[in-house]
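**Student:** My questions all concern the structure below.
The values are calculated or read from the model by the stated rules, or taken from the named source; none is laboratory data. Keep in mind that this is a model prediction, so the values were computed, not measured. In this analysis, Cβ positions are derived from the backbone assuming ideal geometry, glycine residues included, and neighbour counts consider all displayed protein chains.
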Amino acid sequence: MSFFKKLKDKFTGNAAEEEVSDKFKEGLSKTRGSFSSKINDLVARYRKVDEDFFEDLEEILISADVGVTTVMDLIDELKMEVKRRNIKDSNDVKEVISEKLVDIYYGEDDETIEDLNIHHDGLNIVLFVGVNGVGKTTTIGKLAHRLKNEGKKVVLAAGDTFRAGAIEQLEVWGERVGVEVIKHSEGSDPAAVIFDGIQAAKSRGADVLLCDTAGRLQNKVNLMNELSKVKRVIEREVPGAPHEVLLVLDATTGQNAMSQAKTFSESTNVTGIVLSKLDGTAKGGIVLAIRNELDIPVKFVGLGEKVDDLQQFDPNAFVYGLFADMLEE
């Protein structure tokens, strides 16, 4: 069975799967509009698959922010696959591209790497990190909504005590989605807030504590020291926690998001990425660059402004969203 046929079968005929694919299709409309049209133009220009074809394809992928290293790996894989299958017609390469995008995302990992590690008994703690302005607090609110809808009791800890308005913003989200927010006054010790959040979550029998943290201090060293202090408090109070350290990145910042990911992953044990505002960029290939070059899975993506527009990342749905126009041809 062809890969496009598998994708179509996976995302049609099942209401839950169709809802996921529709979210990705709608959320990736900007990226797809740019990416698909360029691929179609490329195929129209080259009837046969040769070295010039691959050079132009390389440029298209780099312009979509797939990342130079990832693009080189992908092009090498494509060349081998085209040779192995004896593909001559450039139109047939579209499907191979889609297949290899999924393969390159998973690498040696299985298809559970996007799952949140919050399935055990007792209190699960998720620590959120990231610079100011990436949508961290909004992401926490949306994840709280998602987890609550799954039947989990959720508490939020307002650990970003340095940014003006951060505590109030988290409180607004708490009220909106119906979860409790543990807070101190602005400028207080973040580790103390997280400590109180843990005690409150334990006493209330919560399943999940979502912890906000500062995105900017006087310098990078101070910020990372503060995060280390917060992590030590969490580890002391709940052995084995935090169960996830999620780095929130703004997809619209492209390669700047990559540099942020490198900085945070060097200083904290980032276990997953949340890519916000993916619907706002034409360069959605940054998902693949982050995964392939940093070996950190993308756990969630923001595909819109609504409270339920935070979606668990699914590489197959991502590729479906990228190639939806071609699938419907």
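**Student:** Here are ALA257, ALA282: which of them is more than 10 Å from the chain's Cα centre (by Cα) and either aromatic (Phe, Trp, Tyr) or not in a helix (DSSP H, G or I) (or both)? It would help to see each step written out before you state the result.
**Tutor:** Values: ALA257 fails: either aromatic (Phe, Trp, Tyr) or not in a helix (DSSP H, G or I) (or both).
Checking each option against the conditions leaves just ALA282.
**Student:** Looking at region 12-41, which of the residues that are surrounded by fewer than 18 Cβ atoms within 10 Å (Cβ to Cβ) and of a type in the set (A, V, I, L, M) is modelled with the highest pLDDT?
**Tutor:** ALA15
**Student:** Same structure again: Please enumerate the residues belonging to region 301-316 that are over 13 Å from the mean Cα position of the chain (by Cα) and either over 19 Å from GLY135 (Cβ atoms) or in contact (Cβ under 8 Å) with a residue 60 or more places away in the chain (or both).
**Tutor:** Across region 301-316, the qualifying residues are GLY304, VAL307, ASP308, ASN316.
**Student:** Looking at region 205-223 only, could you name the residues that are in contact (Cβ under 8 Å) with a residue 12 or more places away in the chain and farther than 15 Å from PHE128 by Cβ? Steps first, answer last, please.
**Tutor:** Filtering region 205-223 for residues in contact (Cβ under 8 Å) with a residue 12 or more places away in the chain gives 205-217, 220.
Scanning region 205-223 gives GLY205, ALA206, ASP207, LEU217, LYS220.
**Student:** Of the residues GLU55, GLU18, only one is part of a helix (DSSP H, G or I), closer than 21 Å to ASP325 by Cβ and outside the structural domain of ILE290 (by the TED database); which?
**Tutor:** Details: GLU55 fails: closer than 21 Å to ASP325 by Cβ.
Answer to the selection: GLU18.
**Student:** Pairs, please: C-beta under 7 Å, at least 6 apart or cross-chain, first residue assigned by the TED database to the domain that holds GLY197 and farther than 15 Å from GLY197 by Cα and in region 227-239, second surrounded by 14 or more Cβ atoms within 10 Å (Cβ to Cβ) and of a type in the set (Val, Ile, Thr)?
**Tutor:** Listed by first residue and then by second, the contacts come to LEU227/VAL129; LEU227/THR213; LEU227/THR268.
**Student:** Say we look at region 112-144 and pick out the residues that are under 15 Å from the mean Cα position of the chain (by Cα) and among the charged types (D, E, K, R); which of these is nearest to ILE296 (Cα to Cα)?
**Tutor:** Among residues in region 112-144 that are under 15 Å from the mean Cα position of the chain (by Cα) and among the charged types (D, E, K, R), the one nearest to ILE296 (Cα to Cα) is GLU114.
Every residue, every condition in (1) under 24 Å from ASP207 (Cβ atoms); (2) without any contact (Cβ under 8 Å) to a residue 24 or more places away in the chain; (3) surrounded by fewer than 22 Cβ atoms within 10 Å (Cβ to Cβ), yes or no:
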residue: ASN225; (1), (2), (3): no, yes, yes
residue: GLU266; (1), (2), (3): no, yes, yes
residue: ILE273; (1), (2), (3): yes, no, no
residue: GLY285; (1), (2), (3): no, no, no
residue: LYS299; (1), (2), (3): yes, no, no
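**Student:** Surrounded by 18 or more Cβ atoms within 10 Å (Cβ to Cβ), aliphatic (A, V, I, L, M) and in contact with a strand residue (DSSP E or B) (Cβ under 8 Å, 6 or more places away or on another chain): which single residue out of VAL248, VAL233 fits that description?
**Tutor:** None of the other options fit; the residue is VAL248.
For every residue, the table says whether it meets (1) in the same structural domain as GLY284 (by the TED database); (2) β-branched (Val, Ile, Thr).
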site	(1), (2)
GLU95	no, no
VAL129	yes, yes
LYS152	yes, no
ALA157	yes, no
ILE167	yes, yes
LYS183	yes, no
ASP189	yes, no
